[in-house]
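This report concerns only the one structure given below.
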Amino acid sequence: MNRVLLFIVALAAFAFTKPCLADLSLTLNNDDMAKAESMYQRYCSLCHGVQREGYKADHAPSLRSQSLLSTAFPQMLFDSIAWGRVNSAMDGYIDETGGPLAESDILLLIRWLAQKENSSAIDLNQDPIPGNALRGKKLYSKNCASCHGNEGQGITGTALADQLFLASATDSYLKYAIVNGRDGTPMQSFAGTLQDEDINDVVAYIRSQASGWSPQPPELAQWPDASEYVMNPNGEAPQFNLREGRYVPAREVEKALKDNKKFIILDTRPGSAWQRIHIPGAVPMPYYRDKSRIAENLPNDGTWIIAYCACPHAASDSVINHLRSLGYQNTAVIDEGIIKWIEMGLPVVAGKNKVN
Ligand code: HEC
Ligand code: HEC
């Protein structure tokens, strides 16, 4: 199986359990609001912005629009945060996938997100929306592809062909977003531009991109021990040519791996992302780890420390900035990030998700 395919299958093989969303009234007290806010600032603001406005990094969407909150609360918000999205910087955060948050933390976060904007849930119809997918494809290419990508892979707009997204977004959810847009964001309302039937056809086209995979529980790997952080401790130091004094090309890192050089690679994505796939030898060092603990087991003796993330700099920059502030000398960020790394066919270790 080729690596990209393996990557997608491994990522898709999640336990897709539904939480109990019974009592989700929006009446959090001040303590809960403060707890949620601090979780949000620690784990989410890096990309979604301190004020939840979005677009701080990696085209992360706004988490404030009424259009999103009223239709995504509770299930879509829960799923997006728990499982993430396959080929984007949005990783899963629930502990079952190796992420840092318990189900109860995510439930608190989604209630906080909705309560901050005084949003109330709209009950959308669950029925499939019939439409002509072929006709929808043409309309999609003309009206949507410039932001969402020819293949729905996402550019400045969300990845609509993402398998985790499609596994939880209903047809009515998609249609609502297209008809109403997402207020305060580049996603405009198409109510005046497209007829109702056109929109149904576009929804049918987007739906036709879902592969319909079935849920499988992931098997979590052990995190490496501190004694394993430095690869090839008796090897020589690698030679890296940094762009802007910071970014190292993926090819140079691949060569250093192949030549058994002495260095450390840090995976700065959430633990769940490391569990699914990582560069061989990479140590999980999520961007949200307490600053006081980042350097805990990292030698400050000139050993090269290379960080990477998904898309491709926000999380890794924040960890490297911290190490540099502590005086670490030889540090860099993999310029391309791991998504490009995989597309380039460079080596990765896939997680232990059971693949059929
Ligand atoms: C490294 C950047 C990054 C971090 C950190 C991050 N996100 Fe995201 N998030 C994204 C991106 C990018 C998307 C859109 C993915 C796509 O294109 O499909 C997204 C999508 C989402 C969505 C779906 C929104 C929609 O419009 O469908 C929600 C909800 C969300 N994130 C919540 C969170 C929460 C809560 C946290 C913290 C626990 C978080 N994110 C952390 C980058 C990030
Ligand atoms: C100008 C760029 C642009 C165009 C054109 C555009 N979109 Fe969007 N779309 C976005 C952005 C950006 C978002 C995320 C908005 C946010 O919440 O911050 C989005 C969000 C969405 C969402 C919600 C996704 C989610 O995770 O909840 C859907 C569905 C969607 N767009 C469908 C479409 C369709 C279908 C078309 C064509 C008819 C289209 N969009 C055209 C930029 C665009």
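The values are calculated or read from the model by the stated rules, or taken from the named source; none is laboratory data. Note that the structure is a prediction, hence the values are computed from the model and not measured. Virtual Cβ from ideal backbone geometry, glycine too; neighbours counted across all protein chains shown.
Table for the structure above
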| quantity | calculated |
| --- | --- |
| Residue in the stretch 116-127 that is assigned to a helix (DSSP H, G or I) and within 13 Å of ligand 2 (Cβ to nearest atom) present | no |
| Whichever residue in the stretch 96-116 is over 12 Å from residue 36 (Cβ atoms) and more than 15 Å from the chain's Cα centre (by Cα) and, among such residues, is surrounded by the fewest Cβ atoms within 10 Å (Cβ to Cβ) | 102 |
| Those residues of the stretch 90-102 which are free of Cβ contacts under 8 Å to residues at least 60 places away in the same chain, more than 17 Å from residue 162 (Cα to Cα) and not in a helix (DSSP H, G or I), in sequence order | 102 |
| Residue within the stretch 161-173 that is touching a residue at least 60 places away in the same chain (Cβ under 8 Å), farther than 18 Å from residue 86 by Cα and within 10 Å of ligand 2 (Cβ to nearest atom) present | yes |
| Scope the stretch 54-67; condition over 15 Å from the mean Cα position of the chain (by Cα) and either more than 9 Å from ligand 2 (Cβ to nearest atom) or not in a loop (DSSP other than H, G, I, E, B) (or both); matching residues | 66, 67 |
| Residue list for the stretch 238-278, filter: under 26 Å from the mean Cα position of the chain (by Cα) and among the small types (Gly, Ala, Ser) | 250, 271, 272, 273 |
| Any pair with Cβ under 6 angstrom, 6 or more apart, that starts in the stretch 226-244 at a residue that is farther than 17 Å from residue 300 by Cβ and not assigned by TED's automatic domain parsing to the domain that holds residue 335 and ends at one that is modelled with pLDDT under 95 and in a loop (DSSP other than H, G, I, E, B) | none |
| Positions within the stretch 279-335 being outside any helix (DSSP H, G or I) and within 16 Å of the chain's Cα centre (by Cα), in sequence order | 284, 285, 286, 287, 288, 308, 309, 310, 311, 312, 313 |
| Residue among 45, 65 that alone is within 27 Å of residue 275 (Cβ to Cβ), out of contact with any helix residue (DSSP H, G or I) (no Cβ under 6 Å at 6 or more places or on another chain), at pLDDT 95 or above and more than 6 Å from ligand 1 (Cβ to nearest atom) | 45 |
| Residue in the stretch 68-89 that is modelled with the highest pLDDT, counting only those that are of a type in the set (S, T, N, Q), outside any loop (DSSP other than H, G, I, E, B) and surrounded by fewer than 22 Cβ atoms within 10 Å (Cβ to Cβ) | 70 |
| Candidate set: the stretch 259-278, residues that are assigned to a strand (DSSP E or B) and out of contact with any Ser or Thr (no Cβ under 7 Å at 6 or more places or on another chain); chosen: the one nearest to residue 41 (Cα to Cα) | 267 |
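Yes/no matrix, rows are residues, columns are (1) touching a Gly at 6+ places or on another chain (Cβ under 7 Å); (2) more than 16 Å from ligand 1 (Cβ to nearest atom); (3) among the aromatic types (Phe, Trp, Tyr); (4) not in a helix (DSSP H, G or I):
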site	(1), (2), (3), (4)
178	no, no, no, no
182	no, no, no, yes
191	no, yes, no, yes
194	no, yes, no, yes
201	yes, yes, no, no
234	no, yes, no, yes
238	no, yes, no, yes
